[in-house]
Amino acid sequence: MASVAFGAPAAAAEKTKFEFWYGLSGDLGERVQDACKKFNESQSDFEIVCTSQNGYDTTLQNTIAAYRAKKQPAITQIYDAGTLDMMLSGAFVPAKKLMADNGYTIDWNNYFGGIANYYATAKGELNSFPFNSSTAMFYYNVDAFQKAGIDFKPDTWEQVEEAARKLKTAGFECPLAFNFDTWPLMEQFSAIHNQPIATKANGYNGLDAELVVNKTKFVDHVKFFKKMADEKLFVVKTKQLGMDIVPAFTSQTCQMIQTSVADHGTIGKTLPENVKWEVAMLPVWKGTERQNSLVGGASLWVLAGRPEAEYKGAAAFLNYLATPEMAEWWSTVTGYIPVTKTGFGAMKANGFYDKAPYKGRELAIQSLSFTPTSENTRGIRLGGFTQIRKEFATALEAIFMQNADVQGELDKTVERGNAVLRRFEKTYAGQTLN
């Protein structure tokens, strides 16, 4: 028996396979695949299988359906608007527990507060791992500004108006392009101006929150945009109309936009090399005490009900993504920002932000951490928020394309949005937010 045992070749240890579903597609989806490949090549114990669900909405829906059918992946990427759905589902292993159970010591304070708080409990404990994080920024064409005799960076909306008028006078047909995306126009605007989206600390303190954006400075901001649009100083640009805001900027059709820092790489690659352009923090109205902006993007959730061996792999993958080297690689190839202070510090020390293609991206970190988070700037934790965003986008379309009354349209939209919140509250009756 001994000779048989010793004579047998040693069996190769089988790798533990586990699945990761994500919502990014196109160029960004390919970069996720690259990250998975890098992890698989970095060690020999685990094999991560990464599959795009082709959209944030579908990833959330498919994850819920798979969990009910007991066919869920180990890790799933859920965007900011789906955070509350995941929290109340109870279908996940909290981030802190996962890493502690698998022997990793994590400095949770290393995550930027403006990023982590969106995905944390009321006590500040992370449920999921911030992954592709961004915030909204203001982009402007420096060459066009110079031609129009504009010698300032637009820090306030009053300056944006002044720049738009000068650009128009200089013959630029589209000084500023905008669309009906509520993320920069409503959510980010409200945060940096310290205005609530809803009661109960934007939903963090209870499911009985109610929308209040029809009673805040947001109303005047929309009226301002309407006035500027009527004067053809601000121009609607959407895919449906043939050109969205980023292509409008990169084709130099329009000279100012507000969009995600994640678009920084695309803009840099698409604009002709000889064109000078800059990025800045979103403008505020004069006299405003600027607050931190909100994080956008998504986080990674580890789902309950998988074998223990898969959790070892999931913890190893998440730890790998958090290394300063991977933080720099991810930011370089995508435009997303590092989520930890050490990741950002390492990139700064390496001179990452001094290089032309990446210069300006550090302002996203400055914007997110401009002030400590408050009730109005921590994030938005509202049930059915995907549907609520759609309601507001429809309202903005009615205001700008069909000349609907601003206050009346926002009042009706808040009413519809509150109906969504009440349905969600009923669905999760008896549950409390921790």
For the chain, the percent of accessible surface on carbon and sulfur atoms (probe 1.4 angstrom, ligands and nucleic acids excluded) is 51
Using the alpha-carbon atoms, what tilt in degrees (0 to 90, nearest 10) does helix 406-427 show relative to the longest principal axis of the chain? 20
In terms of Cα to Cα distance under 13 Å, which aspartates and glutamates are near enough to residue 200, apart from those fewer than 8 places away along the same chain? 208, 210, 375
In whole percent, what relative contact order does the chain give with Cα contacts below 8 Å and a gap of six or more residues? 25
Residues with amide H under 5 Å of residue 243's amide H, sequence separation 5 or more or different chain, H placed in the peptide plane at 1.01 Å from N; which? 238
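Below 8 Å between Cα atoms, with a sequence gap of 6+, how large is the relative contact order for segment 225-369 in percent?
25
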Straight-line reach from residue 348: which aspartates and glutamates have Cα under 14 Å away, leaving out those fewer than 8 places along the same chain? 325, 328, 362
On average, how much area does the Cα convex hull of the chain cover when viewed from any direction, in nm²? 24.2
Under 5 Å from the placed amide H of residue 128, counting only residues 5+ away or on other chains, we find 95
Between the alpha carbon centres of segment 397-412 and segment 213-265 the gap in Å comes to 16
Pairs from 215/269; 153/215; 232/355; 96/269; 166/341; 37/426 whose Cα-Cα separation, in the structure shown, is over 32 Å: 215/269; 232/355; 96/269; 166/341; 37/426
Students sometimes get this wrong: rank 259, 58 by accessible area, probe 1.4 Å, all chains present, largest first. 58, 259
Point-to-point label distance, residue 143-residue 275, nm (Cα→Cβ direction, 7 Å offset): 0.7
Which order do the peptides 27-38, 291-302, 71-82 take when ranked by the mean count of other beta-carbon atoms within 10 Å per residue, highest first? 291-302, 71-82, 27-38
For 396-404, 379-387, 148-156, ranked highest to lowest by mean beta-carbon neighbours within 10 Å, the order is 379-387, 396-404, 148-156
With a 1.4 Å probe and all protein chains left in place, how much accessible area per residue does the chain have, in Å²? 43
Mind listing the phi-derived Karplus ³J(HN,Hα) values for segment 320-325, rounded to whole Hz, using 6.51, -1.76 and 1.60 with θ = phi - 60°, and x for any glycine or proline? 5, 4, 7, 5, x, 4
Whole-Hz Karplus couplings 3J(HN,Hα) for segment 135-140, θ = phi - 60° and coefficients 6.51, -1.76, 1.60, Gly and Pro as x, run 8, 7, 10, 10, 10, 8
Using amide H atoms built in the peptide plane, which far-off residues or other-chain residues are under 5 Å from residue 19 H to H? 49, 74, 75
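The values are calculated or read from the model by the stated rules, or taken from the named source; none is laboratory data. Remember, predicted model here, so these are calculated numbers, not experimental data. Every residue, glycine as well, gets a Cβ built from its backbone with ideal geometry; the counts of neighbours run over all protein chains shown. Keep in mind that these areas ignore ligands, DNA and RNA; they rest on the heavy atoms of the full protein, side chains included. Shrake-Rupley method; radii C 1.70, N 1.55, O 1.52, S 1.80 Å.
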